[in-house]
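Below is one structure, written out as C-alpha cells; comments come after it.
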C-alpha cells in the first residue's frame, strides 16, 4: 500500500506530441468541396476520434460539415494505431432536394 512519496516539485506535463492545425485544414476543405484535404499524417487513433467529435466552426456550419476519413492506418510497435487524416466538405442538402 502506497502512502505517497515526496518528489520535490511537480514534473512538467508530458508532451501531447505534434500540434495540428485542424482549423486551417477544415477551412481549406470547406473552400474546395469537391476535393479531399490531407489534414495530417501519422495521427494516433485517439486524436482522430477526438477530431471526429468536433461540432464547432469551421467543422460544422450552416452550409455543411467536415467529414473525417483515415487512410494508411497501421498499428505500430507501441500498440497504437496511426493513420493519415483527410477532410472533405459535405454541403448541407438544400431544402426540397
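If only residues of the range 17-32 that are over 14 Å from residue 86 (Cβ atoms) and assigned to a loop (DSSP other than H, G, I, E, B) are counted, the one that is modelled with the lowest pLDDT is 17.
Residue 14 meets the conditions (1) farther than 20 Å from residue 72 by Cα; (2) at pLDDT below 80; (3) surrounded by 10 or more Cβ atoms within 10 Å (Cβ to Cβ) in every case but one. The failed one is (3).
The values are calculated or read from the model by the stated rules, or taken from the named source; none is laboratory data. Since this is a predicted model, take the numbers as computed values, not measurements. With ideal geometry, Cβ positions are generated from the backbone for all residues, glycine too; neighbour counts draw on all protein chains shown.
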